[in-house]
Amino acid sequence: MRKKIVAGNWKMNLDLTEGAELVNEIFKGLPVLSEDKQVVIAPPYLHLTQTAAQLTGIIDVQLAAQNCHSEASGAYTGEVSASMLKSAEVAYVIIGHSERREYFKEDNAMLAKKVNQVLSNDMKVIFCCGEPLAIRDAGTQNDHVGTQIREGLFHLPVAQLTNVVIAYEPIWAIGTGRTATSAQAQEMHAHIRGVVGGQYGSEAAANMTILYGGSCKPSNAAELFACPDVDGGLIGGASLKASDFLGIVEAMADL
Ligand code: PEP
């Protein structure tokens, strides 16, 4: 049975003190989760060792990084490799967030290399996909997202898919307050599951966790998570406030 996940992506926010406080606040309010449900926290690189220490012994909450480099090591000033993240007890790495695709010009070929780095260091990938507004308006979002998935992931053998989570994040809904309707989310998630199934078979598709991201908040999380192909959320802005993040975690816990 596939896992349900609520993952918080802090992006480039919070200093070390604020980060430690937020993690403590989240711990205080964390509901009991069944074995098939998990919370993931993705702070900035600088926080990782501090957050890892706070997470010691807390099995319901896993640590994620927001990115890694596409090469194993070398002369890449300012960058962080997947093996460094592994040594900091990181369990998941977000790959292909739309902000990295847009501001850092990360294309699908580079993302495929990053996926390989993460998996070869025994971590899991949260692979982001999603269309800009112009593509949605043109009605070609299924092709756009299908290409992102094919070019970013389909070089993997089926055995590796258990270490991949897909996050569908329509760019027009990220940080805008404009959420995809639950019908739009369900339609795309079912499409993504179909694309995965077409390549890897129905069992692999049924086992794939597919998260929704884009202005998810406590007031809309329950409706989104109730969709049959939505397995939780990747949360940006609302992950920075413990009460909001916990409200979304509660929506998952209630499923
Ligand atoms: C994100 O950036 O992954 C995200 C979903 O952001 P927000 O929740 O703020 O829309």
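Values quoted throughout were computed directly from the atomic coordinates according to the rules given, and no laboratory measurement underlies them. What you see is a predicted model, and the numbers here were worked out from it, not measured in a lab. Glycine also receives a Cβ, built like all others from the backbone with ideal geometry; neighbour counts cover every protein chain displayed.
Here are the numbers:
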{"quantity": "Label point at Ala190 placed 7 Å out along Cα→Cβ; residues across segment 109-141 whose backbone nitrogen lies under 15 Å", "calculated": "none"}
{"quantity": "Coarse-grained scattering of segment 38-172 at q = 0.20 Å⁻¹, given as base-10 log I(q)/I(0) from a Debye sum over alpha-carbon atoms", "calculated": "-1.18"}
{"quantity": "Axial C-alpha extent at least 15 Å, average Kyte-Doolittle at least 1.0 - helices from the chain (DSSP)", "calculated": "242-253"}
{"quantity": "Distance in nm between pseudo-label sites at Thr162 and Ala109 (7 Å out along the Cβ direction from Cα)", "calculated": "3.3"}
{"quantity": "Highest-MSF residue in the chain out of Tyr92, Tyr200, Tyr76 [GNM, Cα springs under 10 Å]", "calculated": "Tyr76"}
{"quantity": "Net charge of Cβ neighbours under 9 Å - reference Glu106; Lys, Arg +1; Asp, Glu -1", "calculated": "+2"}
{"quantity": "Cα-projected label distance for Thr17 with Glu102, points at 7 Å along beta-carbon direction, nm", "calculated": "3.3"}
{"quantity": "Lys/Arg +1, Asp/Glu -1 at C-beta; the chain dipole; positive extreme among Ser215, Gln186, Ile149", "calculated": "Ile149"}
{"quantity": "Debye, to nearest 20: dipole size of the chain, +1 on Lys, Arg Cβ, -1 on Asp, Glu Cβ", "calculated": "220"}
{"quantity": "Whole-number D in µm² s⁻¹ for segment 4-253, Kirkwood Cα-pair radius fed into Stokes-Einstein, 4 °C, 1.567 mPa s", "calculated": "72"}
{"quantity": "Non-local Lys pairs in segment 4-253, i.e. 8 or more apart or on different chains, that have alpha carbons under 22 Å apart", "calculated": "26"}
{"quantity": "Summed residue charge, Cβ within 14 Å of Lys4's Cβ, Lys/Arg positive, Asp/Glu negative", "calculated": "-4"}
{"quantity": "Most mobile listed residue (Ala206, Ala180, Ala222) in the chain, GNM with C-alpha springs under 10 Å", "calculated": "Ala206"}
{"quantity": "Mean ellipticity per residue at 222 nm, deg cm²/dmol - from DSSP H runs of n ≥ 4 across the chain, formula -39500 (n - 2.57)", "calculated": "-12500 deg cm²/dmol"}
